[in-house]
Amino acid sequence: MDAVRMSNITRLFLPAGVRANDHVNLSVAQGCIHAIVGENGAGKSTLMRILAGLDLPDEGSIEVEGRPVSFTSAADAARCGIGMMHQHFLVFEELSVAENILFGQLPRHAFGIIDRKRLMREAADMIQAYGFALDPAMPAEELGVSGKQQLELLRLLAGKARILILDEPTSLLTEQESAALFATLTLLKGRTTILLVTHKIDDVLKIADAVTVMRQGKVVASLPVSSVQAEELACLIMGTSSCVMRDRQPHGAGASESVLSIRNLGVRGKGDKRALSGISFSLSRGEILGVCAMGGNGLAELEDVLAGFRTAETATAALQGIEGFPDGVVEGSTNFHALLHALRSRHQLSYLPSDRIKRGAAPDLPVLHNFIAPLRERYFKNGRFQKAAAEQSTFQALQSFAIKAHPHQKLAELSGGNMQKLALARLFLEENGAILLLCEPTWGLDIRATDAIHERIVEARDRGRAVLLLSTDVDEILELSDSIMVLHRGCIVFEGRNDGTLTRDRLGRYLLGIERADSA
Amino acid sequence: MNDQSGTILLAILKAAFPASVPLLFAALGGLFSELSGMLNIALEGLMGAGAFFGMAAALVTGSRLAGLAGALAAAGLAAWIMGTVTLRVRANIFITGLALNLAVSGLTTFLSQLWFGTKAVVNVPLPPLSKQAFTAVILAAAAAWICCSALVLHGTTFGIRLRATGMNPTAMTALGHDPDRYRLAALLISGMASAAGGYILALSVSAYVPNIVSGRGWIALVAIYLGKRRPLAVAASCLLFALAESASNYLQGVGGMSPLIMLALPYLVTLISLVVGTGARQRH
């Protein structure tokens, strides 16, 4: 008997009339790990949201363990043993780990008063039973990414979930953490049916028993993993008959001229902790410096300081050969802040924010105005807006970056990938700029869009820009960087050339702070 | 320190405790709403409603308890309307809260004229009760309310889910709980608690005095923040503000200080604590 059988599921998104799911059929065998793969917008999340009771299908039927069901809420699905682990964790930050795990089954005395002792004991028992190392009394906000994920998994299991839906569970994990998660999933397999939504082909091959490929709202293939090759799967996902899995080599041009060196950058954190301390690096023309860290280890603070949203406590900067700026050294936090501001406003430091909506876009304005924003003055003559000129350069950018959009379309209507391509195209407007600061440039984008963005980043480097790439994505860092720097708890734990000796596994150890390079 | 200033100090301290009771009810009530993710700016209006409708009910029935019931019913109704408009129709809570504040001040004046024929003080004759007994009762009620709200918020399933609603409403929905149910409950609690506070304020002078609340609802809001949203710390903040209030009452007569400054003392303390409190939080 199949654990889940979804037949003819159709979900129409109005008003555009997009078929997010178009007569989708899915059968998942009891007790196995079934991967659902596809690009962004292929409809896999919609299908899973329907199965988890978070969205209603316009057509079609669902059977769970042989019985026909229809869900109108997450609670309905939970009663049938279906639980979903979301990509953005649903954790109550200020509650303890134990309260989070047993949120749906808090043990209590009379009058709803909570039995603290039993709560702690039951949570500790569960944590132990699944081989995790969480402290039940700790506030959930102190957990790292993988801790929060474990917590969410335990909460689903505490709610007696027999069918688990995991949405992109490895996207924020290091190699080691992914391996640990996979070990847990293997342990659960048999007793539990697991649906794994992912865009990582490696994950599928490593752990899944069966795989369903979705494209443009339809299922294009459902296969056992044992009979499928990585290339074949990539082709199915992208819908092309031939596709090379790209393996980009780092540039490795060797020492070139440094344009901006930053020494001893320090940023105050919460309480007595320091968000960043003793950060020194140097950016050179024609080179990509990749800075990698897990969430909460200082990457966000580094972005904020360099983009001028936050003032450093200590910092020294040395400039060399930036147009319009005298060579020399700038010391002290105020001067440093002013320097960054000047670099930005005079188009020498172009910034791609990690929060592309809040910091990088005016979603309600048309594409055109979003595009020309950094160099608006160029499109005004005697105070009059040069509409034709603006339209023309926007059009050119849309074409050369293969962005599916119209200059007068609202930005909010664009897909994440197109939005990001537009943001990048905009940075290229500042063509004489010395430095590119790119933060999480491909976060949440699918393979195709990621590839296009990566291509452009390399192109910018080859044209002689100094690129500072801040990313939590290990693959991206390894693929693009000429030099790599790893932060852990706000300190540099590794820095070196990306000469092929740095493996994902070693990088993972630095990211987790298990190991630190002696040179750092 | 001479004898006289010692007595004044003692008197200030003694008066601060009963003076803190109305604030305590409103602030801890407002805390429920704040923790559920909605800052209830209508505490001031709800206190006013409690004072007016409570005293009106007490006047009609001649009973303090019936007055309390009237205060709770009126404010409960007002909070329910506010909650329904905010949660069902998705109106902005600041607008509905502001509307409630304005509506209460208009409605009480209008009804005061209509029912009692005056817009000024309405004396409410009640069965005799000594000042000491009254103080003892309200202090006991306040102590019970502090314990009760701390226990409910941190030690019951209802309280944990109410706080969880404020922390992450999306997660509540995804886990199959309705955040709006907890928010409506929180609003009702804040409304009724504030009304109890307002009613106690009016009872302590055995009369309905227009504008008797005079900003205490707003000060209660500040106490929530100053207490960093923790019940006991919020209660302590209320006591601090009550100290300022009773100090301003006693020190008006003392020579060398402008009575106007003294009258402004509670508000000055509020302002200073707000500035210092936010500063401390940022450093944190």
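A few comments on the model shown:
One line per residue, one yes/no per condition, for (1) basic (Lys, Arg); (2) crowded, with 22+ Cβ neighbours inside 10 Å; (3) not in a helix (DSSP H, G or I):
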{"residue": "B:Gly217", "(1), (2), (3)": "no, yes, no"}
{"residue": "B:Lys228", "(1), (2), (3)": "yes, no, yes"}
{"residue": "B:Ala236", "(1), (2), (3)": "no, no, no"}
{"residue": "B:Leu239", "(1), (2), (3)": "no, no, no"}
{"residue": "B:Ala242", "(1), (2), (3)": "no, yes, no"}
{"residue": "B:Ala264", "(1), (2), (3)": "no, no, no"}
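- Within segment A:87-114, if we keep just the residues that are more than 8 Å from every other protein chain (Cβ to nearest Cβ) and over 30 Å from A:Ser171 (Cβ atoms), the residue that is modelled with the lowest pLDDT turns out to be A:Ala110.
- Whenever a residue of segment A:37-53 is on the phi < 0 side of the Ramachandran plot, its partners that are among the charged types (D, E, K, R), lying with C-beta atoms within less than 6 angstrom and at least six residues away or across chains, give the pairs A:Glu39/A:Asp446; A:Asn40/A:Asp446; A:Ala42/A:Arg215; A:Thr46/A:Arg11; A:Arg49/A:Asp55.
- For segment A:363-376, the set of residues classified as open to solvent by less than 60 Å² (accessible area, probe 1.4 Å) and touching a residue at least 24 places away in the same chain (Cβ under 8 Å) consists of A:Pro363, A:Pro366, A:Val367, A:Leu368, A:Asn370, A:Phe371, A:Ile372, A:Ala373, A:Pro374, A:Leu375, listed by residue number.
- Residue check for A:Asp202: open to solvent by 10 Å² or more (accessible area, probe 1.4 Å) and in a loop (DSSP other than H, G, I, E, B): no
- Scanning segment B:57-81 for residues that are open to solvent by less than 10 Å² (accessible area, probe 1.4 Å) and of a type in the set (A, V, I, L, M, F, W, C) yields a total of 4.
- B:Tyr225 vs. criteria at pLDDT 95 or above and farther than 30 Å from B:Ala66 by Cβ: no
- Residue match in segment A:377-385 (condition: part of a helix (DSSP H, G or I) and either in contact (Cβ under 8 Å) with a residue 40 or more places away in the chain or loosely packed, with under 15 Cβ neighbours inside 10 Å (or both)): yes
To keep it simple, each residue is scored yes or no on (1) open to solvent by less than 20 Å² (accessible area, probe 1.4 Å); (2) on the phi > 0 side of the Ramachandran plot.
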residue: A:Leu289; (1), (2): yes, no
residue: A:Gly296; (1), (2): no, yes
residue: A:Ala300; (1), (2): no, no
residue: A:Asp304; (1), (2): no, no
residue: A:Thr311; (1), (2): no, no
residue: A:Thr316; (1), (2): no, no
residue: A:Gly324; (1), (2): no, yes
residue: A:Ser333; (1), (2): no, no
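- Qualifying positions in segment B:54-75 - closer than 16 Å to B:Thr108 by Cα and either in contact (Cβ under 8 Å) with a residue 60 or more places away in the chain or among the charged types (D, E, K, R) (or both): B:Gly54, B:Met55, B:Ala56, B:Ala58, B:Leu59, B:Gly67, B:Ala71, B:Leu72, B:Ala74, B:Ala75
- Extreme residue, nearest to the other protein chains (Cβ to nearest Cβ), among residues of segment B:169-178 that are of a type outside the set (A, V, I, L, M) and not in a helix (DSSP H, G or I): B:Gly176
- Exactly one residue out of A:Arg268, A:Arg274, A:Arg215, A:Arg248 is modelled with pLDDT under 90, basic (Lys, Arg) and surrounded by fewer than 16 Cβ atoms within 10 Å (Cβ to Cβ), and it is A:Arg248.
- Of the candidates B:Ala202, B:Ala195, the single residue that is of a type in the set (A, V, I, L, M), in contact with a strand residue (DSSP E or B) (Cβ under 6 Å, 6 or more places away or on another chain) and not in a loop (DSSP other than H, G, I, E, B) is B:Ala202.
- Index of the failed condition, A:Leu166 passing every other in (1) open to solvent by less than 10 Å² (accessible area, probe 1.4 Å); (2) touching a helix residue (DSSP H, G or I) at 6+ places or on another chain (Cβ under 6 Å): (2)
- Whichever residue in segment B:126-163 is open to solvent by 50 Å² or more (accessible area, probe 1.4 Å) and within 10 Å of chain A (Cβ to nearest Cβ) and, among such residues, is nearest to B:Leu201 (Cα to Cα): B:Leu151
Okay, residues lined up against (1) closer than 24 Å to B:Ala242 by Cα; (2) polar (S, T, N, Q):
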position: B:Ser5; (1), (2): yes, yes
position: B:Leu9; (1), (2): yes, no
position: B:Leu31; (1), (2): yes, no
position: B:Asn40; (1), (2): yes, yes
position: B:Leu43; (1), (2): yes, no
position: B:Phe52; (1), (2): yes, no
position: B:Leu68; (1), (2): yes, no
position: B:Thr108; (1), (2): no, yes
position: B:Gln113; (1), (2): no, yes
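- Whether a residue is assigned to a loop (DSSP other than H, G, I, E, B), among the aliphatic types (A, V, I, L, M) and more than 9 Å from chain B (Cβ to nearest Cβ) was assessed, and A:Leu134 passes this test.
- Here A:Ser45, A:Ser73 are screened, and the one residue that is more than 10 Å from chain B (Cβ to nearest Cβ), open to solvent by 20 Å² or more (accessible area, probe 1.4 Å) and either under 25 Å from the mean Cα position of the chain (by Cα) or not hydrophobic (A, V, I, L, M, F, W, C) (or both) is A:Ser45.
- Taking segment A:13-79 as the region of interest, the strands (runs of 3 or more DSSP E) fully inside it that hold 2 or more residues being outside the structural domain of A:Gln420 (by TED's automatic domain parsing) and under 23 Å from A:Leu233 (Cβ atoms) are A:18-29, A:33-37.
- The one condition in (1) open to solvent by less than 10 Å² (accessible area, probe 1.4 Å); (2) over 28 Å from the mean Cα position of the chain (by Cα); (3) without any contact (Cβ under 8 Å) to a residue 40 or more places away in the chain that A:Gly81 fails to fulfil: (3)
- Segment A:162-174: number of residues that are modelled with pLDDT of 90 or more and of a type in the set (A, V, I, L, M, F, W, C): 4
- Test: residue in segment A:137-151 that is touching a Gly at 6+ places or on another chain (Cβ under 9 Å) and assigned to a helix (DSSP H, G or I): yes
- Within the span defined as segment A:116-139, one or more residues are surrounded by fewer than 20 Cβ atoms within 10 Å (Cβ to Cβ) and within 20 Å of A:His88 (Cβ to Cβ).
- From the list B:Gly166, B:Gly191, the one residue that fits, being of a type outside the set (Lys, Arg), within 14 Å of another protein chain (Cβ to nearest Cβ) and surrounded by 22 or more Cβ atoms within 10 Å (Cβ to Cβ), is B:Gly166.
- At least 3 residues being touching a residue at least 12 places away in the same chain (Cβ under 8 Å), outside the structural domain of A:Leu427 (by TED's automatic domain parsing) and more than 28 Å from the chain's Cα centre (by Cα) is the threshold, and among the strands (runs of 3 or more DSSP E) wholly inside segment A:292-362 those reaching it are A:314-319, A:328-331.
- Residue match in segment A:429-440 (condition: touching a residue at least 40 places away in the same chain (Cβ under 8 Å), of a type in the set (S, T, N, Q) and either part of a helix (DSSP H, G or I) or farther than 27 Å from A:Ile201 by Cβ (or both)): yes
The values are calculated or read from the model by the stated rules, or taken from the named source; none is laboratory data. Nothing here was measured: the structure is a model prediction, and the numbers come from that model. Here Cβ is always computed from backbone atoms with ideal geometry, including for glycine, and neighbour counts include all displayed protein chains. Ligands, DNA and RNA are excluded from the accessible area calculation, which covers all protein heavy atoms including side chains. Shrake-Rupley method; radii C 1.70, N 1.55, O 1.52, S 1.80 Å.
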